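Input: a single structure, listed below in structure tokens.
The values are calculated or read from the model by the stated rules, or taken from the named source; none is laboratory data. Since the model is a prediction, treat every value here as computed from it, not as a measurement. Cβ placement follows ideal geometry from the backbone for every residue including glycine, while neighbour counts extend to all protein chains displayed. Only protein heavy atoms, including side chains, enter the accessible area calculation; ligands, DNA and RNA are left aside. Shrake-Rupley method; radii C 1.70, N 1.55, O 1.52, S 1.80 Å.
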Amino acid sequence: MASIDIRNVRKNFGIVSVLHGVDLSLENGEFVVLVGPSGCGKSTLLRMIAGLEEVTEGEIRIDGIRVNERAPKDRDIAMVFQSYALYPHMNVAENMSYGLRIRKAAREKITAAVSNAARKLELQPLLARRPKALSGGQRQRVAMGRAIVRQPKAFLFDEPLSNLDARLREQMRAEIKKLHRDLGATSIYVTHDQIEAMTLADRIVAMHEGVVQQVGSPLELYDRPANLFVAGFIGSPAMNFLSARYEVSGGTAGARLPDGTLIALSSDYQLEEGAAVTLGIRPEHVEMSPASESSLRATVDLIEPTGFGIILHLGLHGLPFNVFTLDRAALTAGPTVTVAFPPPHLHLFDETGKRAASLQKGTG
Amino acid sequence: MNRYSTFGTALHRLAILCYVVFALFPLFWLLKVSVTPNDLLYSEGVRMWPSRMSFEHFRFVLAHSAFPVFFRNSMIVAGATAVIVTLLASLSGYALSRFTFRGKYWLVALMLLTQMFPLVMLVAPIFKMLSPLGLTNSLTGLVVVYTAFNIPFATFLMQSFFDGIPKELEEAAKIDGATQFMAFRQIVLPLTLPGIAATLGFVFTAAWSELLFALMLISGNSAATFPVGLLTFVSKFSVDFGQMMAAGVLALIPACLFFLFIQRYLVQGLTAGAVKG
Ligand SMILES: Nc1ncnc2c1ncn2[C@@H]1O[C@H](COP(=O)(O)OP(=O)(O)OP(=O)(O)O)[C@@H](O)[C@H]1O
Ligand SMILES: [Mg+2]
């Protein structure tokens, strides 16, 4: 177990710049999840930590020691690949023990470590099989087993579950969480999956185009996204955005929509009167309400029952707008509905896309 | 199985049969002539098998001709060439497949260039180069020349096999604690056995049957290889077909044994299960 420090790390592939100065610190035993759209540089960052990719600029420290120039074998880190990358000519036991064997560990120690890992991952009956005779989920578990037998300083996971079907993914997610609880190893986990990120992470790192957008606990990112990108990326279905102008009338702050409706805000913001803003609200926070002064009329385009709840695809002034509700009555919603935005759940972003700073304390 | 697919299968098999017969018939004829006694060779007309079989040609070739010497020379030359080329080609093929380095593009272009000229053009210059080095009329000289001319193609062949092995396997090995060379030897090489077998086989047969350089660089029987040796059965006035064919049949044996030996590595699917997708 170890701490990992990433300081102003940049990466160029030739003339293409992929990471533009990433800073990140992991404490001993922390589980950090990296999320971001495809191509934003998550795998590149992970591979640099593992030593598979050179660091163009900046510094990576493991346990306080600079490792930029160290070969992967000298970093004592384990990585689980998306493709599993099992050695096809070795059976499961040999796959798991390879790292220990080439480090010339004692035979009893190897046997103990392998059987220990096999028991944790329920691989005992498969130890003599070759990878080609395993199912996807079993291969995944072998890949995890290979990582844990060595008891490395840290684990790196690059979308380890993305090749599995939904049910298996759920199951493995819980297993990874259990494993982390038992081993307490410092881990960095890359995923596209919202739920994986929310459920596994101590902290989430949201990346976009090679820049870290926000670092925080899952709920921090959900409740107080730092900018439009994070607001739109975290949460499913995604947050709705409306453009508006900031107004203070009669002592209360509000956002004026283009059609003239004034949406009340729960606090004042450090914004100029009339400043262009983007108003954000999550589909699950929108209220279906009877018509009132601050409610909006929207047309119903599509109704999607998910079983658990219902997603309404609405048109609000011709723009798409989603609502998520648990109320089954929405299944029969008419051609139009009225929606209202509870002020505590509104997010306000300034012209540059940054979260607007509120003047009073509150959830806004 | 419906009628259409039965018909399709039959047609398919028939096509394969036609091809196999066409390809193997010369070999069959070789065998047939080699066991036909001289007195029946021209007297029986065209028959699929002689009425009386004899091994007199084999006996003569083995006991009274220089054939055993040719055979030994060929074994040395082809074997050494195959081993050396495969060794070098697996190293260079790995480099081309995995590393980016300055001049890589030009190196590949240069290697391709060497494959573009008819070898006949090069016989004289090569003779001129080898003769002061004392490498004409020697097996070593032949091995050097064959190695040089086989390496480019063998390199590309090996490169394509290395390209087929997921890079992540090596990366996983490196993270597990292996050096680049250990990852190559313990992970990549075992998975490239089919490629190595194919390259060995290809180079061995190429060197075994090479005639042009063997003819031009070697004079006299002591260093002659088997293809050159075959020509000794052609005398000024006649061709001793029986003996020539018997020698030919004997020459097929090592190639057959060789492929029998490597065929279990030629099977596909050695990397199955490594990566998903
Ligand atoms: N070897 C390379 N040479 C050039 N460009 C590369 C190389 N590897 C990655 N890139 C580029 O770097 C960028 C980031 O790639 P990376 O694989 O880190 O993305 P990612 O965030 O992991 O995406 P995904 O979620 O799809 O896996 C991409 O634009 C990619 O094209
Ligand atoms: Mg990736």
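Given A:294, A:87, A:255, which one lies farthest toward the positive end of the charge dipole of chain A, if we put +1 on the Cβ of every Lys and Arg and -1 on the Cβ of every Asp and Glu?
Positive-end residue among those listed: A:87.
Using a 1.4 Å probe and counting only protein heavy atoms, arrange B:64, A:317, B:57 so the residue with the most accessible area comes first.
From most accessible down to least: B:64, A:317, B:57.
When only the heavy atoms of the protein chains count and the probe is 1.4 Å, how do B:19, B:94, B:4 rank by accessible area, highest first?
B:4, B:19, B:94
Residue-wise, which Karplus ³J(HN,Hα) couplings in Hz belong to region A:243-258, taking 6.51 cos²θ - 1.76 cosθ + 1.60, θ = phi - 60°, and x for glycine or proline?
Karplus values, whole Hz, x for Gly and Pro: 8, 7, 10, 7, 9, 10, 10, x, x, 10, 7, x, 10, 8, 7, x.
For a quick check, take a GNM of chain B with Cα springs below 10 Å and name the residue from B:177, B:242, B:220 with the largest mean-square fluctuation.
B:177
So, taking all protein chains as they sit and a 1.4 Å probe, how much accessible area belongs to residue A:209, in Å² rounded to tens?
Number for this one is 130 Å².
Taking H placed 1.01 Å from N in the peptide plane, check which residues at least 5 places from residue A:18 or on another chain put their amide H under 5 Å from its amide H.
Answer set, sorted by chain and number: A:11, A:12, A:13.
So which residue, out of A:89, A:192, A:345, gets the largest mean-square fluctuation from a GNM of chain A using Cα contacts under 10 Å as springs?
It is A:89.
Roughly what % of Cα-Cα distances in region B:65-273 sit above 26 Å, to the whole percent?
45
With a 1.4 Å probe and all protein chains kept in place, how much accessible area does residue B:43 have, in Å² rounded to the nearest 10?
Spelled out: residue B:43, probe radius 1.4 Å, area about 80 Å².
Suppose all protein chains stay in the model; what accessible area per residue would a 1.4 Å probe give for the protein assembly as shown, in Å²?
With all protein chains present, the protein assembly as shown gives 50 Å² per residue.
Given a 10 angstrom Cα cut-off, can you work out which residue in B:36, B:147, B:81 is the most mobile in a GNM of chain B?
Of the options given, B:36 has the highest mean-square fluctuation.
What's the magnitude of the charge dipole for region A:103-161 around its Cα centre, counting Lys and Arg as +1 and Asp and Glu as -1 at the beta-carbon? Answer in Debye, nearest 20. Each step should come with its number before you reach the end.
Values: 14 positive and 4 negative charges, 64 e Å.
My answer is approximately 300 debye.
What is the mean number of Cβ atoms from other protein chains located within 10 Å of the Cβ atom of each residue in peptide A:74-84, rounded to a whole number?
Numbers: counts 1, 3, 2, 1, 3, 6, 2, 8, 4, 9, 7.
Averaged over the peptide's residues, the number is 4.
If you average 1/r over all unlike Cα pairs in region A:70-114 and invert the result, what Kirkwood radius do you get in angstrom?
It is 11.8 Å.
If you place +1 on the Cβ of every Lys and Arg, -1 on the Cβ of every Asp and Glu, and leave all else neutral, what size is the dipole of chain A about its Cα centre, to the nearest 20 Debye?
2200
With unit charges on the beta carbon (Lys/Arg positive, Asp/Glu negative), name the residue among B:130, B:11, A:329 whose Cα is farthest towards the positive pole of the charge dipole of the protein assembly as shown.
Of the candidates, B:130 comes out farthest on the positive side.
Magnitude of the Cβ-charge dipole of region A:245-364, K/R +1 and D/E -1, about the Cα centre, nearest 20 debye?
Dipole about the Cα centre, nearest 20: 180 debye.
Check residue A:346: other-chain or 5+ apart residues with amide H under 5 Å from its amide H, H built from backbone geometry?
none
Along the charge dipole of region B:65-273, which of B:260, B:148, B:164 sits closest to the positive end, that is, farthest toward it, with unit charges on the beta carbon of Lys, Arg, Asp and Glu (+1, +1, -1, -1)?
B:148
Under the definition of Cα pairs under 8 Å and six or more residues apart, what whole-number percent is the relative contact order of chain B?
Numbers: 268 pairs, mean separation 83.1, N = 277.
Normalised by residue count, the contact order of chain B is 30 percent.
Tell me which residues come under 5 Å, amide H to amide H, from residue A:129 once H is placed; ignore anything under 5 positions away on its chain.
Here A:92, A:93 satisfy the definition.
Taking the full set of protein chains and a 1.4 angstrom probe, give the accessible area of residue B:232 in square angstrom, rounded to the nearest 10.
80
So what J values fall out for region A:207-224 if you push phi through Karplus, 6.51 cos²θ - 1.76 cosθ + 1.60 with θ = phi - 60°, rounded to Hz, Gly and Pro as x?
10, 8, 6, x, 10, 6, 8, 7, 10, x, 5, x, 6, 4, 5, 6, 7, 10
Estimate for me the total accessible surface buried between chains A and B (protein heavy atoms, probe 1.4 Å, no ligands or nucleic acids), in Å² to the nearest 100. Before the final figure, lay out each step's value.
Numbers: alone 17450 and 16650 Å², together 31890 Å².
Buried area between the two chains comes out at roughly 2200 Å².
Any idea what the relative contact order of chain A is, in percent, if you count C-alpha pairs under 8 Å spaced at least 6 apart?
Answer for chain A is 15 percent.
With a 1.4 Å probe and all protein chains in place, put B:6, B:136, B:155 in order of accessible area, largest first.
Final ranking, largest accessible area leading: B:6, B:136, B:155.
Tell me, what HN-Hα J-couplings in whole Hz come from the Karplus equation 6.51 cos²θ - 1.76 cosθ + 1.60 at θ = phi - 60° for each residue of region A:70-85, using x for Gly and Pro?
Values, residue by residue: 7, 5, x, 5, 9, 9, 6, 10, 10, 9, 10, 8, 4, 8, 6, 6 Hz.
Under the classification rounded if a/c is under 1.5, otherwise prolate if a/b is larger than b/c and oblate if not, where does region A:211-364 fall, given a ≥ b ≥ c as square roots of the Cα gyration tensor eigenvalues?
Here region A:211-364 falls in the oblate category.
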